[in-house]
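Peer 1: Quick one: this structure, given as structure tokens, is what I'll be asking you about.
The values are calculated or read from the model by the stated rules, or taken from the named source; none is laboratory data. Because the structure is a prediction, the values reported are computed rather than measured. Positions of Cβ are generated from backbone atoms using ideal geometry, with glycine treated the same way; all protein chains shown enter the neighbour counts. The area values use the complete protein model at the heavy-atom level, side chains included, leaving out ligands, DNA and RNA. Shrake-Rupley method; radii C 1.70, N 1.55, O 1.52, S 1.80 Å.
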Amino acid sequence: MSDNRQRNVIVIGGGPGGYPAAIRAARLGGVVTLVDKGGLGGTCLHRGCIPTKSMLKFVHDYQVMKRVLKEAGGGPPPAPSLTAMMNQKNDAIRHLSAGTRALLEKNGVRIVSGTAVFQNRHTVRVLETGEELPFSAAIIATGSKSMELPIEGLDYPGVLNSDRILDIKEIPVSLTVIGGGYIGLEFAQIFQALGVRVTVVELLENILPTEDPDVAQSLMKIMKSTGIIFYTAARVTRISLADETLCITIEKEGREDKLFSDRVLLAVGRRAYTEGLGLENIGIRVQGNGAIAVNKHMETSVPGIFAVGDAVGGVMLAHKASAEGETAACCAVGIPSTAPYRVIPSVMYTKPEVARVGLLEGVAREKYGEILIGRFPFAANGRAVLEGNSQGFVKVIAEAKSECIVGVSILGPDAGHLIGEAALAVEMEATLADVADTVHAHPTLSEAFREAVLDAKGEAVHIPPTLKKVR
Ligand code: FAD
């Protein structure tokens, strides 16, 4: 780790890993330069979290409007406007991007627009201007890029990735989404709500393979009920042109099938983006999947050079990148720090939302032997019912002996907000009793979390009695 005389810090990349790192390092007394080539805020702000959530908000509002009109006996709803949706998204990006710039400037961070390349272990060069930036510590936060599949036909113009689909100019008639992870499913729901015929193809048995299988199966059932077609355990082998449309050949249970649609979205995951940085010039160790290897202080194999966020692989989420960025910033100015998280919550913003923190049931059982499971449906929660959003449930997993909460999965309204309390519980090793003894306000969705905790003890109030569930 660098000593505390080394305070000349270069941050490469202005996404949720890089810009909080720059601010933290500056607040701790570092002289900080941030080099970014793609727009402050990174993938998250320009092509990830913010645009997709803005589009989801737009289509969810549109669906509410359709429902209200129908209930009020009004005429047919106006068609959804792609232009209005894109304008709303672009406004949010502009607003947040300006805010990020202002924050960096107010903290005294110098912002350089351009591509950074390591010249040696002490200097970064800006490709476009040739400017040389000496550093005593550097933080690499260059993010990730969409993965591709080794199949024929990906270069047809109608085949898009998650960046290019944000720029489409008209609503397609049909869309095939390859990949049933959170990015694919969020886009599937956005386009289905715009009136597009959507098909999702997933290689594995279940969509959302990293989530609780109960949650994944329930969500698939809900999405199917809205008209989205799913092919699971199906492999896309080829894309070809058939007249004006794309023909997607899939293999399922040894049989070949053909799907036709006018757009294809490839959403099969992301990999660390470190190309062109010159890492090989300075001997930084990179793993087979392209991710930069780091220790628990986020330091690479070269002392004084740190890496954070998607560029180091693992869970690729904005809040994990930020937590790592702040750790690296402390280390870069000589203050010892360790990546702070034990658990990282994850959220998918479909309707209903999916959120999880901590262990899945199978992993918890393997680790602890006996576990307690509590489950509470939103159909028995007053707030969810009165808001007309009562699909889904909360599932709580605790270690049987200590009754410590080790995992929580939520499918339901505002799961993304609700998971905050669960994350605190898992992080602080709270017991079932800690949550059960905490009074939760009424009528709120958070009561469902407490009821799921009570159910694990066989004591839930708003569902029929069950026994304490040692599994
Ligand atoms: P990035 O945000 O990718 O930032 C990297 C920056 O570095 C970019 O600005 C890039 O231009 C710049 N850069 C790269 N190379 C260089 C170079 N050589 N010189 C100068 N600059 C360089 N995460 C969530 O937590 N919640 C969500 O809801 C969510 N939704 C998503 C939806 C989509 C469609 C996608 C694609 C991603 C989503 N993510 C979400 C993931 C999230 O966007 C990433 O985990 C996060 O952006 C990673 O932050 P980062 O700082 O590591 O990298």
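Peer 1: Compute the Cα gyration tensor for region 113-192, then decide on rounded, prolate or oblate, letting a ≥ b ≥ c be the square roots of its eigenvalues: rounded whenever a/c is under 1.5, prolate when a/b is larger than b/c in the other cases, and oblate in all that remain.
Peer 2: Prolate, because a/c is 1.5 or more and a/b exceeds b/c.
Peer 1: Charges only on Cβ, +1 for Lys and Arg, -1 for Asp and Glu: so what's the dipole of the chain about the Cα centre, in debye to the nearest 20?
Peer 2: Here the chain has a charge dipole of around 460 debye.
Peer 1: What is the spin-label model distance, in nm, from Arg285 to Leu424 if the labels are put 7 Å beyond Cα along the C-beta direction?
Peer 2: 3.9 nm
Peer 1: Run the numbers for Lys252 and His417: contour at 0.36 nm per residue of separation, minus the present Cα-Cα distance, in nm.
Peer 2: Contour length minus Cα-Cα distance gives 55.6 nm.
Peer 1: Could you tell me how far the Cα centroid of region 375-404 sits from the Cα centroid of region 235-257, in Å?
Peer 2: The two parts, judged by their Cα centres, are 40 Å apart.
Peer 1: Here's another thing I want to ask about it. Need the C-alpha centroid separation for region 1-61 versus region 270-284, integer Å.
Peer 2: Region 1-61 and region 270-284 have Cα centres spaced 18 Å from each other.
Peer 1: If you don't mind, there's one more thing I want to ask. Taking only the C-alpha atoms, wrap a convex hull around the chain and report its volume per residue in Å³ as a whole number.
Peer 2: 176 Å³
Peer 1: How long is the gain from Glu170 to Ala379 if the chain were fully straight, where each residue apart is worth 0.36 nm and the alpha carbon distance is subtracted?
Peer 2: This chain segment gains 71.5 nm when fully extended.
Peer 1: Once each part is reduced to its C-alpha centroid, what is the distance from region 167-233 to region 63-84 in angstrom?
Peer 2: About 23 Å separates the Cα centre of region 167-233 from the one of region 63-84.
Peer 1: Using a 1.4 Å probe and counting only protein heavy atoms, arrange Asp262, Asp414, Asp455, Asp167 so the residue with the most accessible area comes first.
Peer 2: Ranking Asp262, Asp414, Asp455, Asp167 by accessible area, largest first, yields Asp167, Asp414, Asp262, Asp455.
Peer 1: So how do Asp155, Asp36 rank on accessible area, 1.4 Å probe, biggest first, that is with the largest at the start?
Peer 2: Asp155, Asp36
Peer 1: Moving on to the next point. Which is farthest toward the positive dipole end of the chain among Pro16, Gly38, Phe135, measuring Cα position about the Cα centre, with Cβ charges +1 (Lys, Arg) and -1 (Asp, Glu)?
Peer 2: Sorting the options by dipole projection puts first Phe135.
Peer 1: Please turn the phi angles of region 169-181 into ³J(HN,Hα) values with the Karplus equation 6.51 cos²θ - 1.76 cosθ + 1.60 (θ = phi - 60°), one per residue in order, whole Hz, x for glycine and proline.
Peer 2: Result, rounded to whole Hz: 9, 9, 6, x, 6, 9, 9, 9, 9, 9, x, x, x.
Peer 1: So if we plug the beta-carbon distance of Lys221 and Asn120 into 1/(1 + (r/R0)^6) with R0 = 51 Å, what FRET efficiency do we get, rounded to 0.05?
Peer 2: About 0.35, to the nearest 0.05.
Peer 1: May I pose another question? Going through region 290-380, which chymotrypsin sites (Phe, Trp or Tyr not before Pro) have at most 12 other Cβ atoms within 10 Å and a DSSP loop state?
Peer 2: Sparse-neighbourhood loop chymotrypsin sites (Phe, Trp or Tyr not before Pro): none present.
Peer 1: Let me ask something additional. Just to verify a number: FRET efficiency for His95 and Glu366, C-beta to C-beta distance, R0 = 41 Å, to 0.05?
Peer 2: About 0.35, to the nearest 0.05.
Peer 1: Let me ask another. Can you bin region 47-87 into rounded, prolate or oblate? Criterion: square roots of the alpha carbon gyration tensor eigenvalues sorted a ≥ b ≥ c, rounded for a/c under 1.5, prolate for a/b above b/c, oblate for the rest.
Peer 2: oblate
Peer 1: Provide the net charge surrounding Ile405, with neighbours chosen by a C-beta distance below 12 Å and charges set as Lys +1, Arg +1, Asp -1, Glu -1.
Peer 2: -3
Peer 1: Restricting everything to alpha-carbon atoms, can you work out Rg to Rh for region 346-456 with a Kirkwood hydrodynamic radius?
Peer 2: That ratio equals 0.95.
Peer 1: Would you be so kind as to identify which of Cys331, Ala355, Met428 lies farthest towards the positive end of the dipole of the chain, taking Lys and Arg as +1 and Asp and Glu as -1 on Cβ and the Cα centre as origin?
Peer 2: Cys331
Peer 1: 5 Å is the cut-off here: which amide hydrogens, built 1.01 Å from N in the peptide plane, fall below it relative to Met147, excluding neighbours closer than 5 in sequence?
Peer 2: The list, which skips near neighbours in sequence, is Val268, Gly269, Arg270, Arg271.
Peer 1: Which value, in Å², gives the accessible area per residue of the chain when a 1.4 Å probe is used on the protein heavy atoms?
Peer 2: Value for the chain: 45 Å² per residue.
Peer 1: Here's something else I'd like to know. State whether region 159-268 is rounded, prolate or oblate according to the following rule on the C-alpha gyration tensor (a ≥ b ≥ c being the square roots of its eigenvalues): a/c under 1.5 gives rounded; otherwise a/b larger than b/c gives prolate, and the remaining case gives oblate.
Peer 2: Verdict is oblate for region 159-268.
Peer 1: What 222 nm value per residue comes from the helices of the chain, counting each DSSP H run with n ≥ 4 as -39,500 (n - 2.57) and dividing by all residues, nearest 500 deg cm²/dmol?
Peer 2: -9500 deg cm²/dmol
Peer 1: Of the accessible area of the chain, with the probe set at 1.4 angstrom, what percent is carbon plus sulfur?
Peer 2: The value for the chain is 53 percent carbon and sulfur by accessible area.
Peer 1: In addition: Need one number: nm distance between label points at Glu131 and Thr237, each 7 Å from Cα along Cα→Cβ, rounded to one decimal.
Peer 2: For the pair Glu131/Thr237, the computed spacing is 5.4 nm.
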